[in-house]
Amino acid sequence: MRGNVKVIKFTAFVSILFLALTYFTTVNMETHMLELNTIWFSNDFVLTIFGGAFASMLVVLICEVQKYITAKASVEEYIFYQALYLYQALFLMKQNICDHQRNTEAGVPDNLLDETSRMIQSEIFALQSTDYAPFKQKNLLLTAHQKFCRETAIDFQPILKGCNAVKIAINKVKIDYLQQNVLNRIVTSADEPLQTVLSIQLGRVSDALRKVDEYLKDIDKYCNQRYDWEKQREQIHSNYVNIFEAWNFEKEFQKET
(Lines give C-alpha, C1' and ligand atoms only; values in the text may rest on other atoms or scores of the structure.)
Protein backbone atom coordinates (compact mmCIF):
# COMPACT_ATOMS: atom_id res chain seq x y z
CA MET A 1 0.00 0.00 0.00
CA ARG A 2 2.85 2.37 0.73
CA GLY A 3 3.93 2.11 -2.91
CA ASN A 4 0.39 2.91 -4.12
CA VAL A 5 0.29 6.06 -2.01
CA LYS A 6 3.64 7.29 -3.36
CA VAL A 7 2.59 6.69 -6.98
CA ILE A 8 -0.73 8.48 -6.44
CA LYS A 9 0.98 11.50 -4.91
CA PHE A 10 3.50 11.64 -7.77
CA THR A 11 0.92 11.26 -10.55
CA ALA A 12 -1.36 13.81 -8.87
CA PHE A 13 1.48 16.34 -8.72
CA VAL A 14 2.49 15.73 -12.36
CA SER A 15 -1.16 15.90 -13.49
CA ILE A 16 -1.63 19.27 -11.78
CA LEU A 17 1.62 20.48 -13.32
CA PHE A 18 0.58 19.52 -16.85
CA LEU A 19 -2.91 20.96 -16.25
CA ALA A 20 -1.35 24.28 -15.26
CA LEU A 21 0.94 24.24 -18.31
CA THR A 22 -2.00 23.39 -20.58
CA TYR A 23 -4.03 26.24 -19.10
CA PHE A 24 -1.11 28.67 -19.43
CA THR A 25 -0.62 27.66 -23.08
CA THR A 26 -4.33 28.23 -23.80
CA VAL A 27 -4.22 31.69 -22.18
CA ASN A 28 -1.03 32.49 -24.11
CA MET A 29 -2.77 31.64 -27.39
CA GLU A 30 -5.42 34.26 -26.56
CA THR A 31 -3.21 36.98 -25.09
CA HIS A 32 -0.01 36.41 -27.10
CA MET A 33 2.19 36.99 -24.04
CA LEU A 34 4.83 34.72 -25.56
CA GLU A 35 5.26 34.38 -29.30
CA LEU A 36 5.79 30.69 -29.96
CA ASN A 37 4.63 30.60 -33.56
CA THR A 38 7.81 29.62 -35.36
CA ILE A 39 8.44 27.10 -38.10
CA TRP A 40 9.53 24.50 -35.56
CA PHE A 41 7.53 25.49 -32.50
CA SER A 42 4.00 26.81 -32.03
CA ASN A 43 1.31 27.30 -29.40
CA ASP A 44 -0.76 24.54 -31.00
CA PHE A 45 2.16 22.11 -30.77
CA VAL A 46 2.80 22.98 -27.09
CA LEU A 47 -0.91 22.71 -26.31
CA THR A 48 -1.03 19.25 -27.92
CA ILE A 49 2.00 18.06 -25.93
CA PHE A 50 0.88 19.41 -22.56
CA GLY A 51 -2.78 18.48 -23.10
CA GLY A 52 -1.86 14.94 -24.12
CA ALA A 53 0.52 14.56 -21.17
CA PHE A 54 -2.16 15.80 -18.78
CA ALA A 55 -4.76 13.38 -20.18
CA SER A 56 -2.31 10.45 -19.92
CA MET A 57 -1.32 11.26 -16.35
CA LEU A 58 -4.98 11.69 -15.39
CA VAL A 59 -5.75 8.18 -16.66
CA VAL A 60 -2.78 6.80 -14.70
CA LEU A 61 -3.96 8.66 -11.58
CA ILE A 62 -7.49 7.24 -11.86
CA CYS A 63 -6.11 3.71 -12.27
CA GLU A 64 -3.79 4.11 -9.27
CA VAL A 65 -6.61 5.44 -7.11
CA GLN A 66 -8.72 2.43 -8.04
CA LYS A 67 -5.80 0.11 -7.21
CA TYR A 68 -5.35 1.88 -3.88
CA ILE A 69 -9.03 1.50 -2.95
CA THR A 70 -8.92 -2.22 -3.80
CA ALA A 71 -5.62 -2.76 -1.96
CA LYS A 72 -6.86 -0.87 1.10
CA ALA A 73 -9.96 -3.04 1.42
CA SER A 74 -7.88 -6.18 0.88
CA VAL A 75 -5.30 -5.24 3.53
CA GLU A 76 -8.02 -4.34 6.03
CA GLU A 77 -9.63 -7.74 5.51
CA TYR A 78 -6.24 -9.45 5.87
CA ILE A 79 -5.51 -7.62 9.13
CA PHE A 80 -8.90 -8.52 10.57
CA TYR A 81 -8.66 -12.24 9.83
CA GLN A 82 -5.06 -12.52 11.00
CA ALA A 83 -6.11 -10.86 14.26
CA LEU A 84 -9.09 -13.24 14.44
CA TYR A 85 -6.77 -16.27 14.01
CA LEU A 86 -4.57 -14.84 16.76
CA TYR A 87 -7.61 -14.56 19.03
CA GLN A 88 -8.56 -18.16 18.24
CA ALA A 89 -5.04 -19.38 19.09
CA LEU A 90 -5.03 -17.50 22.39
CA PHE A 91 -8.51 -18.73 23.27
CA LEU A 92 -7.50 -22.31 22.48
CA MET A 93 -4.40 -21.98 24.66
CA LYS A 94 -6.48 -20.58 27.51
CA GLN A 95 -9.06 -23.35 27.28
CA ASN A 96 -6.40 -26.06 27.12
CA ILE A 97 -4.93 -24.75 30.37
CA CYS A 98 -8.37 -24.47 32.00
CA ASP A 99 -9.31 -28.01 30.91
CA HIS A 100 -6.25 -29.45 32.64
CA GLN A 101 -6.75 -27.29 35.71
CA ARG A 102 -10.28 -28.67 36.06
CA ASN A 103 -9.12 -32.25 35.46
CA THR A 104 -6.36 -32.57 38.01
CA GLU A 105 -6.12 -36.33 37.55
CA ALA A 106 -5.33 -36.14 33.84
CA GLY A 107 -1.75 -36.18 32.64
CA VAL A 108 -0.31 -32.98 31.19
CA PRO A 109 1.58 -33.67 27.92
CA ASP A 110 4.95 -32.06 27.25
CA ASN A 111 3.62 -30.45 24.05
CA LEU A 112 0.47 -29.03 25.67
CA LEU A 113 0.99 -25.49 24.34
CA ASP A 114 3.32 -26.16 21.39
CA GLU A 115 0.77 -25.90 18.57
CA THR A 116 -1.00 -22.80 19.90
CA SER A 117 2.38 -21.18 20.59
CA ARG A 118 3.43 -21.65 16.96
CA MET A 119 0.08 -20.25 15.78
CA ILE A 120 0.46 -17.17 17.98
CA GLN A 121 4.01 -16.53 16.81
CA SER A 122 2.98 -16.89 13.16
CA GLU A 123 0.01 -14.50 13.43
CA ILE A 124 2.03 -11.87 15.29
CA PHE A 125 4.68 -11.92 12.56
CA ALA A 126 1.99 -11.69 9.85
CA LEU A 127 0.38 -8.66 11.50
CA GLN A 128 3.66 -6.86 12.18
CA SER A 129 4.80 -7.31 8.56
CA THR A 130 1.53 -6.03 7.05
CA ASP A 131 1.95 -2.87 4.99
CA TYR A 132 -1.03 -0.68 5.91
CA ALA A 133 -0.43 2.95 4.92
CA PRO A 134 -3.66 4.85 4.13
CA PHE A 135 -3.70 8.51 3.03
CA LYS A 136 -5.48 9.61 6.18
CA GLN A 137 -3.02 9.13 9.02
CA LYS A 138 -5.59 9.76 11.75
CA ASN A 139 -7.87 6.77 11.30
CA LEU A 140 -8.99 4.29 13.95
CA LEU A 141 -7.69 1.17 12.22
CA LEU A 142 -4.21 2.62 11.58
CA THR A 143 -3.97 3.81 15.19
CA ALA A 144 -5.05 0.41 16.52
CA HIS A 145 -2.70 -1.44 14.16
CA GLN A 146 0.30 0.72 15.06
CA LYS A 147 -0.45 0.30 18.76
CA PHE A 148 -0.63 -3.48 18.32
CA CYS A 149 2.66 -3.66 16.39
CA ARG A 150 4.57 -1.31 18.72
CA GLU A 151 3.16 -2.28 22.11
CA THR A 152 0.77 -5.24 22.25
CA ALA A 153 2.91 -7.61 20.16
CA ILE A 154 5.80 -7.08 22.58
CA ASP A 155 3.57 -8.17 25.46
CA PHE A 156 3.25 -11.59 23.80
CA GLN A 157 6.88 -12.47 24.46
CA PRO A 158 6.20 -13.58 28.08
CA ILE A 159 3.42 -15.85 26.75
CA LEU A 160 5.77 -17.51 24.27
CA LYS A 161 8.43 -17.87 26.96
CA GLY A 162 5.77 -19.23 29.31
CA CYS A 163 5.21 -22.15 26.93
CA ASN A 164 8.82 -23.17 27.49
CA ALA A 165 8.36 -22.63 31.22
CA VAL A 166 5.53 -25.18 31.16
CA LYS A 167 7.86 -27.78 29.63
CA ILE A 168 10.54 -27.00 32.21
CA ALA A 169 7.99 -27.31 35.02
CA ILE A 170 6.83 -30.70 33.71
CA ASN A 171 10.41 -31.96 33.58
CA LYS A 172 11.01 -30.59 37.08
CA VAL A 173 8.06 -32.62 38.40
CA LYS A 174 9.35 -35.75 36.63
CA ILE A 175 12.81 -35.27 38.17
CA ASP A 176 11.29 -34.82 41.64
CA TYR A 177 9.35 -38.09 41.26
CA LEU A 178 12.47 -39.94 40.14
CA GLN A 179 14.41 -38.58 43.08
CA GLN A 180 11.64 -39.89 45.34
CA ASN A 181 11.82 -43.28 43.56
CA VAL A 182 8.22 -42.84 42.36
CA LEU A 183 7.94 -44.63 39.03
CA ASN A 184 5.26 -44.47 36.33
CA ARG A 185 3.65 -41.44 37.94
CA ILE A 186 1.93 -39.10 35.50
CA VAL A 187 2.40 -35.34 35.77
CA THR A 188 -0.85 -33.45 36.46
CA SER A 189 -1.83 -29.81 36.78
CA ALA A 190 -1.96 -30.23 40.56
CA ASP A 191 1.79 -30.86 40.77
CA GLU A 192 4.11 -28.04 41.72
CA PRO A 193 5.73 -26.06 40.18
CA LEU A 194 3.54 -26.85 37.16
CA GLN A 195 0.40 -25.64 38.94
CA THR A 196 1.95 -22.21 39.54
CA VAL A 197 3.37 -21.93 36.03
CA LEU A 198 -0.01 -22.78 34.46
CA SER A 199 -1.78 -20.19 36.63
CA ILE A 200 0.71 -17.49 35.61
CA GLN A 201 0.41 -18.48 31.94
CA LEU A 202 -3.39 -18.39 32.18
CA GLY A 203 -3.28 -14.83 33.53
CA ARG A 204 -0.99 -13.69 30.72
CA VAL A 205 -3.13 -15.30 28.03
CA SER A 206 -6.35 -13.84 29.48
CA ASP A 207 -4.82 -10.35 29.41
CA ALA A 208 -3.64 -10.83 25.81
CA LEU A 209 -7.12 -12.03 24.80
CA ARG A 210 -8.63 -8.84 26.15
CA LYS A 211 -6.17 -6.69 24.16
CA VAL A 212 -6.73 -8.60 20.92
CA ASP A 213 -10.48 -8.36 21.47
CA GLU A 214 -10.18 -4.55 21.70
CA TYR A 215 -8.02 -4.57 18.57
CA LEU A 216 -10.66 -6.51 16.64
CA LYS A 217 -13.43 -4.23 17.91
CA ASP A 218 -11.54 -1.19 16.60
CA ILE A 219 -11.02 -2.82 13.20
CA ASP A 220 -14.69 -3.78 12.93
CA LYS A 221 -15.80 -0.32 14.06
CA TYR A 222 -13.65 1.38 11.44
CA CYS A 223 -15.04 -0.96 8.76
CA ASN A 224 -18.65 -0.13 9.79
CA GLN A 225 -19.24 -3.54 11.42
CA ARG A 226 -18.43 -5.23 8.11
CA TYR A 227 -17.14 -8.37 9.85
CA ASP A 228 -19.57 -8.49 12.79
CA TRP A 229 -16.82 -9.35 15.28
CA GLU A 230 -19.20 -9.71 18.24
CA LYS A 231 -21.02 -12.56 16.48
CA GLN A 232 -17.80 -14.22 15.33
CA ARG A 233 -16.41 -14.09 18.87
CA GLU A 234 -19.52 -15.83 20.19
CA GLN A 235 -19.12 -18.55 17.56
CA ILE A 236 -15.48 -19.12 18.54
CA HIS A 237 -16.49 -19.55 22.17
CA SER A 238 -19.52 -21.73 21.49
CA ASN A 239 -17.71 -24.02 19.02
CA TYR A 240 -14.96 -24.95 21.46
CA VAL A 241 -15.07 -28.54 22.66
CA ASN A 242 -13.32 -29.59 25.88
CA ILE A 243 -10.31 -31.74 24.99
CA PHE A 244 -11.48 -34.37 27.47
CA GLU A 245 -14.90 -34.49 25.82
CA ALA A 246 -13.81 -34.28 22.20
CA TRP A 247 -13.64 -38.04 21.88
CA ASN A 248 -14.96 -40.44 24.47
CA PHE A 249 -13.76 -44.02 24.01
CA GLU A 250 -16.71 -45.63 25.79
CA LYS A 251 -19.31 -43.65 23.84
CA GLU A 252 -17.61 -44.32 20.52
CA PHE A 253 -17.19 -48.00 21.37
CA GLN A 254 -20.88 -48.31 22.25
CA LYS A 255 -21.83 -46.82 18.89
CA GLU A 256 -19.88 -49.52 17.12
CA THR A 257 -21.44 -52.33 19.18
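The values are calculated or read from the model by the stated rules, or taken from the named source; none is laboratory data. Nothing here was measured: the structure is a model prediction, and the numbers come from that model. Heads up, the Cβs are rebuilt from the backbone with ideal geometry, glycines too, and the neighbour counts pull from every protein chain shown. For the accessible areas, the whole protein counts, side chains as well, though only heavy atoms, and no ligand, DNA or RNA atoms are used. Shrake-Rupley method; radii C 1.70, N 1.55, O 1.52, S 1.80 Å.
Structure data summary
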read-out: Contacts under 6 angstrom Cβ, first residue in the stretch 199-214 being closer than 16 Å to residue 88 by Cβ, partner in a helix (DSSP H, G or I) and open to solvent by 40 Å² or more (accessible area, probe 1.4 Å), 6 or more apart; value: 205/94
read-out: Residue under evaluation residue 115, criteria (1) surrounded by fewer than 15 Cβ atoms within 10 Å (Cβ to Cβ); (2) outside any helix (DSSP H, G or I), criterion not met; value: (2)
read-out: Candidates 91, 80, 125 - the one that is hydrophobic (A, V, I, L, M, F, W, C), closer than 24 Å to residue 223 by Cβ, at pLDDT 90 or above and open to solvent by 50 Å² or more (accessible area, probe 1.4 Å); value: 125
read-out: The stretch 157-205: number of residues that are farther than 27 Å from residue 121 by Cβ and assigned to a helix (DSSP H, G or I); value: 5
read-out: Verdict on residue 55 being within 30 Å of residue 130 (Cα to Cα), of a type in the set (Gly, Ala, Ser) and at pLDDT 90 or above; value: no
read-out: Residues that are open to solvent by 10 Å² or more (accessible area, probe 1.4 Å) and in a helix (DSSP H, G or I), drawn from the stretch 146-156; value: 146, 147, 149, 150, 152, 154, 155
read-out: Hey, residue 33 more than 30 Å from residue 213 (Cα to Cα), touching a residue at least 12 places away in the same chain (Cβ under 8 Å), aliphatic (A, V, I, L, M) and open to solvent by 40 Å² or more (accessible area, probe 1.4 Å) or not; value: no
read-out: Which listed residue, of 76, 105, is among the acidic types (Asp, Glu) and in a loop (DSSP other than H, G, I, E, B); value: 105
